[in-house]
1. Looking at (1) more than 7 Å from chain A (Cβ to nearest Cβ); (2) within 26 Å of A:V26 (Cβ to Cβ); (3) of a type outside the set (A, V, I, L, M), which one does B:R134 not meet, given that it meets all the others?
2. Restricted to the stretch B:106-127, and to residues that are farther than 21 Å from A:P50 by Cβ and either in contact with a helix residue (DSSP H, G or I) (Cβ under 9 Å, 6 or more places away or on another chain) or β-branched (V, I, T) (or both), which residue is most open to solvent (accessible area, probe 1.4 Å)?
3. Of the residues that make up the stretch B:13-30, is at least one charged (D, E, K, R), closer than 16 Å to A:D117 by Cβ and touching a residue at least 40 places away in the same chain (Cβ under 8 Å)?
4. Here are some residues: B:A47, B:A25, B:A37. Which one is within 7 Å of chain A (Cβ to nearest Cβ), open to solvent by 40 Å² or more (accessible area, probe 1.4 Å) and of a type in the set (A, V, I, L, M)?
5. Restricting attention to the stretch B:103-125, report how many residues are farther than 18 Å from B:A85 by Cβ and aromatic (F, W, Y).
6. When the residues of the stretch A:23-37 are narrowed to those that are more than 9 Å from chain B (Cβ to nearest Cβ) and not aliphatic (A, V, I, L, M), which ends up nearest to the chain's Cα centre (by Cα)?
7. With A:G40, A:G97 as the choices, which residue is within 7 Å of another protein chain (Cβ to nearest Cβ) and either within 22 Å of B:R62 (Cα to Cα) or under 18 Å from the mean Cα position of the chain (by Cα) (or both)?
8. If I ask for residues that are among the polar types (S, T, N, Q) and facing chain B (nearest Cβ under 8 Å), which ones from the stretch A:43-62 would you list?
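The values are calculated or read from the model by the stated rules, or taken from the named source; none is laboratory data. In this text the structure is predicted, and so the values were computed from the model without any measurement. Virtual Cβ from ideal backbone geometry, glycine too; neighbours counted across all protein chains shown. Protein only, heavy atoms only, side chains kept; ligands, DNA and RNA dropped before computing areas. Shrake-Rupley method; radii C 1.70, N 1.55, O 1.52, S 1.80 Å.
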Amino acid sequence: MCFMMLVIPKDYEQAKAGTLPDPALVEKMMKFNESLQKAGVLLALDGLHPPSMGSRVSFKAGTPSIKDGPFAEAKEVLGGYWMIQVKSKAEALEWAGRAPMLDGDVIEVRQVQEFGDFPPETQKHLEGFTGMQNAQKK
Amino acid sequence: MRFMVIVKASKDSEAGKMPGTELLAAMGKYNEELVQAGVMLAGEGLAPSSKGARIRFDDKKRTVTDGPFAETKELIAGYWVWKVASKQEAVDWLQRAPFDGGEEVELRQIFEMEDFGKEMTPELRAQEKSQMERVAKNQKGGK
């Protein structure tokens, strides 16, 4: 089963445009990434620029409206993620607990929906979806 | 440049209510356009937070809380990773998405190696490159 480990760094909702992680943290993070990779559980990973460089699009009755970041109302935002393939939620939590996070950071562990989770009626609309995932290289 | 397109959770998604046929068909068509345009790199839906957990890091202490996380307004239901030439292109694509029920979707730029400048030494770059190659192998190995 696949889990997404969503990193919610403390106070990242207030980070200025262009903020980058500390080099010492990047070094520790690369070691952790390497251990995930060596164990064969790592499927994907990315870091995200602060929300002050992003936008939100809201949809009402089919009409999109755009708001540029930062988002004053947000109390927590995403800083990055790992996608891992493990045997159980407990194993995912064990990996998450080993991540080199800073004081007050949170990792949310969420199970990824698989084809088999959907009823047959829905599955027929999902045919071809697996082929769309990771369809292209960067 | 790459963007993560983050679809926020709703009461329905948190309740485990699946989208109807009409929306699934519209989403399938939209995804097909993204793929054909070479924009879509990845996409997944997440099970409700009731099947998940959170870990809080305080110094050496780890606190695990099982879902659901009713207190947060920032829960995620799914995401895409898109490759586009500009943020505007990502915004343009997103405006065409078949959402219509008050959904909110967040666009966030993904860090690339060159964003790190000199701090990312040749050794660290080589390590990253090697990791990404092996990650691609993991993906091919199937889920």
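1. (1)
2. B:R125
3. Quick first cut of the stretch B:13-30, residues charged (D, E, K, R) only: B:14, B:17, B:22, B:29.
Now narrow it down to the ones that are closer than 16 Å to A:D117 by Cβ: B:14, B:17.
The next check asks that each one be touching a residue at least 40 places away in the same chain (Cβ under 8 Å); those that pass are B:14.
Checking the stretch B:13-30: at least one residue is charged (D, E, K, R), closer than 16 Å to A:D117 by Cβ and touching a residue at least 40 places away in the same chain (Cβ under 8 Å).
4. B:A25
5. Summing the residues that are farther than 18 Å from B:A85 by Cβ and aromatic (F, W, Y) in the stretch B:103-125 gives 1.
6. It comes out as A:F32.
7. Numbers: A:G40 fails: either within 22 Å of B:R62 (Cα to Cα) or under 18 Å from the mean Cα position of the chain (by Cα) (or both).
One residue alone meets the criteria, A:G97.
8. A:S55, A:S58
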